[in-house]
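Undergrad: Can you read through this structure? Questions will come right after.
The values are calculated or read from the model by the stated rules, or taken from the named source; none is laboratory data. Note that the coordinates shown come from a computational prediction; the quantities given were computed from them, not determined experimentally. So basically every Cβ, Gly included, is an ideal-geometry build from the backbone, and we count neighbours across all protein chains shown. Accessible surface areas use protein heavy atoms only, side chains included; no ligands, DNA or RNA. Shrake-Rupley method; radii C 1.70, N 1.55, O 1.52, S 1.80 Å.
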Amino acid sequence: MNKPVHITVNGSEHRLPVDTRKLLVNLVREDLRLTGTHLGCATGTCGACTLMLDGRCVKSCCVLAVDTDGATLRTIEGVAGEDAPHPVQQALAECHGIQCGFCTPGMVLSAIELLGGNPAPSDGEVREALAGNLCRCTGYVNIVAAVQLAAARMAGDG
């Protein structure tokens, strides 16, 4: 059974019929062709499917697409500016916080959410904010360093 859904994704409005059983991650990847949101564990554990729903990070593999009617979504495709990457993206590249890249979209969005509410987090607060995003490559040290560098730059200190 389909239900009409109206959502705004990365600033663009979309009206589309959505199967009432479809997960948000599948809507974003299949219907909107925004493949930066990854499907990893499909249980809400790994964080690869993280995106922002009305300004808050959610695991999109655990959200029914029909429940987002009227919502605003932000995916990794909506993060960078027209001329430059977001400071979190730039810092991850500079600090070697990216290896295979599978976890990176979720890490970026989680870091942006953290820095939006806490512009000067401790290393422990960064680790806690990123705890829902699993990385099998980096060991997190460089990711934490990147979030701290981005925080400093966003505050005008770096």
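Undergrad: Can you find, within the range 109-133, the residue that is nearest to residue 156 (Cα to Cα) among those that are open to solvent by 20 Å² or more (accessible area, probe 1.4 Å) and touching a Ser or Thr at 6+ places or on another chain (Cβ under 8 Å)?
TA: Per the criteria, the residue is 129.
Undergrad: For the range 96-108, give me each residue that is crowded, with 17+ Cβ neighbours inside 10 Å and farther than 17 Å from residue 41 by Cβ.
TA: 97, 98, 108
Undergrad: Residue by residue through the range 61-85, note down the ones that are without any contact (Cβ under 8 Å) to a residue 40 or more places away in the chain, part of a loop (DSSP other than H, G, I, E, B) and either within 16 Å of the chain's Cα centre (by Cα) or under 12 Å from residue 36 (Cβ atoms) (or both).
TA: 79, 80, 81, 85
Undergrad: Hey, among the residues in the range 141-158 that are open to solvent by less than 60 Å² (accessible area, probe 1.4 Å) and of a type outside the set (Gly, Ala, Ser), which one's farthest from residue 127 (Cα to Cα)?
TA: Checked the range 141-158; the qualifying residue farthest from residue 127 (Cα to Cα) is 149.
Undergrad: Of all residues in the range 56-79, which are among the small types (Gly, Ala, Ser) and open to solvent by 50 Å² or more (accessible area, probe 1.4 Å)?
TA: Across the range 56-79, the qualifying residue is only 70.
Undergrad: Oh, and also: Restrict the check to the range 25-34 and report whether at least one residue is assigned to a loop (DSSP other than H, G, I, E, B) and either touching a Lys or Arg at 6+ places or on another chain (Cβ under 8 Å) or at pLDDT below 95 (or both).
TA: no
Undergrad: Looking only at the range 1-51, which residues are in contact with a strand residue (DSSP E or B) (Cβ under 9 Å, 6 or more places away or on another chain), hydroxyl-bearing (Ser, Thr, Tyr) and either crowded, with 18+ Cβ neighbours inside 10 Å or over 10 Å from residue 65 (Cα atoms) (or both)?
TA: 8, 37, 43, 45, 50
Undergrad: Would you call residue 73 closer than 21 Å to residue 147 by Cα and in contact with a strand residue (DSSP E or B) (Cβ under 8 Å, 6 or more places away or on another chain)?
TA: In short, no.
Undergrad: While we're on this one: Yes or no: residue 92 aliphatic (A, V, I, L, M), surrounded by 20 or more Cβ atoms within 10 Å (Cβ to Cβ) and closer than 20 Å to residue 11 by Cα? It would help to see each step written out before you state the result.
TA: On the way: aliphatic (A, V, I, L, M): yes; surrounded by 20 or more Cβ atoms within 10 Å (Cβ to Cβ): yes; closer than 20 Å to residue 11 by Cα: no.
The answer is no for residue 92.
Undergrad: Are there any pairs, at least 6 apart or on different chains, whose C-beta atoms fall under 9 Å, with the first in the range 104-123 and assigned to a helix (DSSP H, G or I) and the second among the charged types (D, E, K, R) and open to solvent by 10 Å² or more (accessible area, probe 1.4 Å), and if so, which?
TA: From the range 104-123, the pairs are 105/77; 106/59; 109/74; 112/74; 113/56; 114/125; 114/128.
Undergrad: Assess whether residue 146 counts as being over 15 Å from the mean Cα position of the chain (by Cα) and either outside any loop (DSSP other than H, G, I, E, B) or of a type in the set (S, T, N, Q) (or both).
TA: Judged against the criteria, residue 146 is a match.
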